[in-house]
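What follows is a single structure, written as structure tokens, with notes after it.
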């Protein structure tokens, strides 16, 4: 049913469900993960981490550790304070943004539990670990700032020297920006007002491969292997942080075992391993344990969200006000401060809000710092607005899909400029929703729900809806500039024609499971007319792929893939004069198709000349046109002209055991529109994985701290990832409205599932239990929380008429008298 | 140091190990069998699953000394050593796109192989429960479950 | 991830093992399957001087028919128990509970007796073993024959049993419950979790009426609990949901379960009532 | 994690006799399960505590002192801090003791504010709460029995 299917030539690679090139080595155990690397004389690093959330370091005695067998060196903050610099924050969201210095090894104060206070270097990993236990650190405990709302009120300070916990306040207002009306006016004039407060709990990316770094200081350059999503950014940031020439650092991201934003970072451990290798002159390796990973790898989400939605009684939305409090944790990592801001343009989602205001207060606490986690800003936005649309439907007593449809952008209205100032290029929300309802059996499930309700079944059925769009393909450089981001959003690619006819493609987009090698091969095979098997894709090594901005934000295909196309087109352009020379024809009379140049009008039977033959001719360089350089290789750097805006409709059916509060997923259907698809197998895989991460936020995962700032979900025993036995098979399908902003017509897909699924699940569980008076349940919706909500709902008195018209401090989920009156 | 003799992927090795050496560390560091990876420290994730005397075990939860006199098969020992022919489970993982980053894959393949040995024709539910000791963060398990079911069907086909 | 140093000994006979345990006292940790011990060592939450691996002792591996009971040796793994026709026929409840223990890989190595000696209140075998009136065999050097400890006296406190320093739990003997219906209801949020709570029920029904019932509770206190009041109240009741409901709803009363991330005590007490009804009903074939 | 635990008991001894024993740091410190007091004077003590919990064993090395001591009102606040060996994290306790006459004997109210950081605190299953309660229960009954013993002698 995809447009690609209809239009592609029989031999075309794009659109085929090619099996991945990456898989052979991974299914046979010939993997090259960083921790697999062993170098001669390699030393091992173990980190000593502080147990307190907030403390002053009053003394470190490393003598016992120094004397422990096999130990080569012990480094403390004092030893490296003049070399380690401050870990980078590449996104100062406002000129006034406040941030403490961010040392790799804490020098005199520790600001979250898990921060490194010393590094032990030994001949074996076991010896390093043994000695790490012997480093004796004395602390003076300070009062930790653990609670986000208390932090925002500056009751206690996470960083006393900063004088406040408030890092930055970022505001977008449609009236001020000229993209819409005044939201306060809309609220004042609202016939229906829905005010809600939601909690985005703290999550841990929990990629399966623990982070690992190897630094080899031998030779003229430092070579760093790291389990990173961002080898190029890491190289530049290391150079800037450590004042080492960029040209002296080579970063390699070999096989990387998942990232989900969690490896989009410049980590203290990377800096420390680099410093240790430089100091010892030996290759050094650090590999984290899972407990270390959960404790000290950056976390995600962690916000309070207050929303006010104004509407008319007929269901038309008139305004949306969003007030976020976002937890930075103890420090600003690479893009920490910008993550909640990425949601700023997405709360209005697919709906035609005439007025909109977004405010985000970034706040420091003494917890692990937050940063990108799959979706980064957009799941938060989608969750909140999709919950609000359900709340509006409930207030109005109408079907949630119907209310959404009334307000969303119709397919004939694209391109559409939103109240947040973005131009959505294409979409068809009607088509995706219709298809999803059909696959889901929406009407039948609604009927079953009614039957169960009527019979008072112990197990109630709920149906959850989530429609979504997201901005992905980060990002047009000028947009990033306007948001004060520290870099551009372009991507680089090279195409090299080898004399044997094989093709090497170099991409700046460094994959860690997304299947770039396969997808890029498909694209290049079509572009150059060479066999899929003859394309080799190289990436993840700054010496090979010298330029790039890596993989995050669902950008690889729409930005990196487009760069590959541009480079391939340049190859063809470079080959054209040579082809004309060989065919003794005029350049303007040449046609290029299926890998061959032919002469227009020269008849069907002509052989023409193949591009790969020209590659050999260029290698020999015996007979080139005058002035032609002997190369067909080409580079391209592509800066996207817009984001891409995938969208979709997700429907979820949850069964809730009202006796125990346990919920079980009955069915999940998603119909996503990600534009044209290069490889449907890979796209489906991205969606499945995304779905489960989003579902896991709704049902299972939460990073929990105790009142001392100790992470109590510090292992996989307590940070509960779902297993195969907790999940179901999903029904996925696609509609296609090609993106108009890239040649492939593609839109990003990496984060779609995660963004859409969380609210679908939460809305479904709530739909099952609203009948008992339940209006909200915090994520993760544990059986206990669901059970308590039912108990409280059943026992609670109706909301008094004198309810406050607006938010009272600390009182979430209040409705106005107007909305009470507005109920059908 | 304790002397052990272990047959790994068809080859017998004699080595000195510290008693505290985990089987997974022995495989990776002393034998270079890095195909088996380490994903956690609480034996929850299953990434390090190998076969010990033909049964799946988490090699982070077995001491190397405990493998003395026993036989271990890792993901590196599955494909035919001569012609590289993959096992039906390996084939199915590729065919069904049951892996993305590939880190959990060795453990998944080893557990799936054991599961099918014990139950050659599992239902979807049996596959889901049988794989519950292996965590994956990329695939949402959807295609892993499909792959195990496809491998079962494949093996049935071969037998028929 | 790497344990601290320890010495390792793998005795070939029970006698050797008992000698080692008496020599090393509380410096020794017994390793049977190691599935609970090794994670603790890897996290370095313990650093014993010596690990005594009893998995090589042939005489401890057996599961034998003792006439009125089944004896499960300390070396028998969960998988051995699952594979045993004796257990399946006579100890249906234990069989069901063991299928719920952790995951297949861990069941391939872990042992029933190891779990009992570990005495984690959230472990799945304590409740069934208690409910089935098992007896533990505890041996030590210089004492002839095993000390027999009734399950009711075996679980002392959190992670604490009647097995003292220098002693070894060598077997558990469980009376046959041939023909009893049984069910183990385990409540978790994700499948690889320890039980938030669990209810083990075995029921002997006569003509649709409950003649005898045994109910053990997992993680409803610092040790496995026996819901004796419920057991008594069930006798003579019809095996239907309506008839059972009231008796079972009391299962949590008087218990002192933990409060943690997975549930507060009052919620656990509520669950105990609900899950007991379900377990008993399932055991009674309802 | 931080928690507050409360215990009360009565002994058949005068408040003065009870007070004298309770303020003997060496004697009181030794009542903690697994504890060894290595040094003690009027105001401070040093020692270590080995906490065993099935497979888990953590040794804390620490010291304690009086934060408050009102001999007339029979009220004392003792602060103890322990550093876990092998980098396992720290534990701290503030124990407030208040004695009051009750009948012919003395009633003692003990309130303990306990905080545990590091690895042992990371276990979300509520184990540490249970353990702490148990250990403090043992501590109080040891103190109780010492007092009973001294009262009887």
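Summary table
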read-out: Residue in the range B:114-127 that is assigned to a helix (DSSP H, G or I) and more than 13 Å from chain C (Cβ to nearest Cβ) present; value: yes
read-out: Residue among A:51, A:101, A:69 that alone is surrounded by fewer than 18 Cβ atoms within 10 Å (Cβ to Cβ), within 11 Å of another protein chain (Cβ to nearest Cβ) and over 18 Å from residue A:214 (Cα atoms); value: A:69
read-out: Among the candidates A:223, A:228, A:273, residue that is outside the structural domain of residue A:758 (by TED's automatic domain parsing), closer than 26 Å to residue A:485 by Cβ and buried (at least 20 other Cβ atoms within 10 Å of the Cβ); value: A:228
read-out: Criterion: within 17 Å of the chain's Cα centre (by Cα), part of a helix (DSSP H, G or I) and either free of Cβ contacts under 8 Å to residues at least 60 places away in the same chain or on the phi < 0 side of the Ramachandran plot (or both) - qualifying residue of A:687, A:749; value: A:687
read-out: Selection count where residues are within 14 Å of chain D (Cβ to nearest Cβ) and buried (at least 22 other Cβ atoms within 10 Å of the Cβ), scope the range C:262-286; value: 4
read-out: Within the range C:6-34, considering residues that are closer than 30 Å to residue A:125 by Cβ and without any contact (Cβ under 8 Å) to a residue 24 or more places away in the chain, the one farthest from the other protein chains (Cβ to nearest Cβ); value: C:27
read-out: Qualifying residue in the range A:695-714 (condition: touching a residue at least 24 places away in the same chain (Cβ under 8 Å), within 24 Å of residue A:441 (Cα to Cα), buried (at least 24 other Cβ atoms within 10 Å of the Cβ) and at the interface with chain B (Cβ under 9 Å from one of its Cβ atoms)); value: yes
read-out: Test result for residue A:226, within 14 Å of chain B (Cβ to nearest Cβ), touching a helix residue (DSSP H, G or I) at 6+ places or on another chain (Cβ under 8 Å) and in contact (Cβ under 8 Å) with a residue 12 or more places away in the chain; value: no
read-out: Elements of type helices (runs of 4 or more DSSP H) contained in the range C:102-176, each with 2 or more residues being within 14 Å of chain D (Cβ to nearest Cβ) and touching a residue at least 24 places away in the same chain (Cβ under 8 Å); value: C:112-118
read-out: Selected residue (criterion: farthest from the chain's Cα centre (by Cα)) from residues of the range C:141-166 that are farther than 22 Å from residue C:221 by Cβ and modelled with pLDDT of 95 or more; value: C:147
read-out: Per-region count, the range D:13-40, residues loosely packed, with under 15 Cβ neighbours inside 10 Å and touching a residue at least 12 places away in the same chain (Cβ under 8 Å); value: 2
read-out: Filter result for residue A:493 (assigned to a strand (DSSP E or B) and either buried (at least 24 other Cβ atoms within 10 Å of the Cβ) or out of contact with any helix residue (DSSP H, G or I) (no Cβ under 8 Å at 6 or more places or on another chain) (or both)); value: yes
read-out: Residues that are free of Cβ contacts under 8 Å to residues at least 60 places away in the same chain, surrounded by fewer than 24 Cβ atoms within 10 Å (Cβ to Cβ) and not in a loop (DSSP other than H, G, I, E, B), drawn from the range A:717-746; value: A:725
read-out: All positions within the range A:104-129 that are outside any loop (DSSP other than H, G, I, E, B), crowded, with 24+ Cβ neighbours inside 10 Å and either more than 14 Å from chain D (Cβ to nearest Cβ) or out of contact with any helix residue (DSSP H, G or I) (no Cβ under 9 Å at 6 or more places or on another chain) (or both); value: A:110, A:121, A:122, A:128
read-out: Subset of the range B:128-160 (residues that are closer than 25 Å to residue A:665 by Cα, touching a residue at least 12 places away in the same chain (Cβ under 8 Å) and part of a helix (DSSP H, G or I)); value: B:128, B:130, B:143, B:144, B:145, B:146, B:147, B:148, B:149, B:150
read-out: Filter pass, residue A:437 being closer than 27 Å to residue A:640 by Cα, modelled with pLDDT of 95 or more and assigned by TED's automatic domain parsing to the domain that holds residue A:360; value: no
read-out: Matching residues in the range A:458-486 - criterion: being assigned to a loop (DSSP other than H, G, I, E, B) and surrounded by 15 or more Cβ atoms within 10 Å (Cβ to Cβ); value: A:470, A:471, A:473, A:474, A:475, A:476, A:483, A:484, A:485, A:486
read-out: Residue that is nearest to residue A:758 (Cα to Cα) [pool: residues in the range A:782-794 that are touching a helix residue (DSSP H, G or I) at 6+ places or on another chain (Cβ under 7 Å) and more than 10 Å from chain C (Cβ to nearest Cβ)]; value: A:786
read-out: When residues of the range C:53-73 are limited to those that are touching a strand residue (DSSP E or B) at 6+ places or on another chain (Cβ under 8 Å) and in a loop (DSSP other than H, G, I, E, B), the one nearest to residue C:17 (Cα to Cα); value: C:54
read-out: Leading residue by the ranking (farthest from the chain's Cα centre (by Cα)) among those in the range C:242-261 that are surrounded by 14 or more Cβ atoms within 10 Å (Cβ to Cβ) and part of a helix (DSSP H, G or I); value: C:243
read-out: Flag for residue C:64 being over 25 Å from residue B:69 (Cα atoms) and either at pLDDT 95 or above or buried (at least 23 other Cβ atoms within 10 Å of the Cβ) (or both); value: yes
read-out: Meets criteria (more than 14 Å from chain C (Cβ to nearest Cβ) and either crowded, with 21+ Cβ neighbours inside 10 Å or within 23 Å of residue A:262 (Cα to Cα) (or both)) for residue B:151; value: yes
read-out: All strands (runs of 3 or more DSSP E) inside the range B:47-107 with 1 or more residues being facing another protein chain (nearest Cβ under 7 Å) and either free of Cβ contacts under 8 Å to residues at least 60 places away in the same chain or out of contact with any helix residue (DSSP H, G or I) (no Cβ under 8 Å at 6 or more places or on another chain) (or both); value: B:55-58
read-out: Test for residue A:296: is it closer than 23 Å to residue B:41 by Cα and at pLDDT below 95; value: no
read-out: Odd one out for residue A:665 among (1) assigned to a loop (DSSP other than H, G, I, E, B); (2) within 22 Å of residue B:129 (Cα to Cα); (3) more than 21 Å from the chain's Cα centre (by Cα); value: (1)
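The values are calculated or read from the model by the stated rules, or taken from the named source; none is laboratory data. Since the structure is predicted, the reported quantities are computational estimates derived from the model, not experimental observations. All Cβ positions, glycine included, derive from the backbone under ideal geometry; neighbour counts span all protein chains shown.
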